Amino acid sequence: AEFDYAFWQADHGTAIPHILTSTWHVPPRWFVPFRSSERGLTIEQEQRSLVYRTRMVEARRRLARAARALRRGAVDGSVLEAVEDLGRWLEAFHPHAWIELDYGGLVHCVSDEQLRADDSPGDIAVAVAAIADGDTPRAAQAYRRVIERWEPVQACEHAS
């Protein structure tokens, strides 16, 4: 598989993936482009899903604002770099496109109540706004809520 991928990549070196994936958690930076109001939650007997959707122009604007706030707040360089990388990735797509964050199978790792209460985009937005305001304790508290929400899910990766 690695050989085939290397062979393919040699012919398609400028190709940009249209889907980013992560195993057992959603990286906090992926919440930056979204707002809580853009959530689509389905909890039914036969289907469970949690999806955020927004217009590309909004996603880019939010990432740019977050990057400016992080830069002004002198936040750890790796955090800023991750947000900027995501923004650069989005630049490859049509400005009238939509972007989607889908929890996929992770919805089966938490209860219905936890899914209903999940406001990771809201918490990340609070953290970014607090950084912009110079309120480090409020930023840390909001960010910690996201990390604590995802730690039990991420721990499933090591369960046997």
Which of the residues belonging to region 111-134 are touching a strand residue (DSSP E or B) at 6+ places or on another chain (Cβ under 9 Å) and either outside any helix (DSSP H, G or I) or among the acidic types (Asp, Glu) (or both)?
Asp112, Asp118, Asp119
Of the residues Trp24, Trp89, which is within 20 Å of Glu148 (Cβ to Cβ) and of a type in the set (Phe, Trp, Tyr)?
Trp24
Count - residues of region 104-140 that are closer than 13 Å to Thr42 by Cα and in contact with a Ser or Thr (Cβ under 7 Å, 6 or more places away or on another chain)
1
Cβ-Cβ under 6 Å pairs, at least 6 apart or on other chains, region 19-31 side surrounded by fewer than 19 Cβ atoms within 10 Å (Cβ to Cβ) and modelled with pLDDT of 90 or more, far side in a helix (DSSP H, G or I) and of a type in the set (D, E, K, R)
none
So which residues in region 98-127 are open to solvent by 30 Å² or more (accessible area, probe 1.4 Å) and farther than 18 Å from Glu148 by Cβ?
Trp98, Glu100, Asp102, Gly104, Gly105, His108, Asp112
Selection count, region 138-160, where residues are in contact with a helix residue (DSSP H, G or I) (Cβ under 6 Å, 6 or more places away or on another chain) and open to solvent by 70 Å² or more (accessible area, probe 1.4 Å)
3
Any chance Thr54 is surrounded by fewer than 15 Cβ atoms within 10 Å (Cβ to Cβ) and of a type in the set (S, T, N, Q):
no
Across (1) open to solvent by less than 60 Å² (accessible area, probe 1.4 Å); (2) in contact (Cβ under 8 Å) with a residue 24 or more places away in the chain; (3) among the acidic types (Asp, Glu), Asp135 clears everything bar (2)
Looking across region 62-80 at residues that are of a type outside the set (A, V, I, L, M, F, W, C) and either touching a Pro at 6+ places or on another chain (Cβ under 6 Å) or under 19 Å from Pro121 (Cα atoms) (or both), the single one that is most open to solvent (accessible area, probe 1.4 Å) is Arg65
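The values are calculated or read from the model by the stated rules, or taken from the named source; none is laboratory data. In this text, all values refer to a predicted model and were calculated from it rather than measured experimentally. In this analysis, Cβ positions are derived from the backbone assuming ideal geometry, glycine residues included, and neighbour counts consider all displayed protein chains. Please note that ligands, DNA and RNA were not included when accessible areas were found on the heavy atoms of the full protein model with its side chains. Shrake-Rupley method; radii C 1.70, N 1.55, O 1.52, S 1.80 Å.
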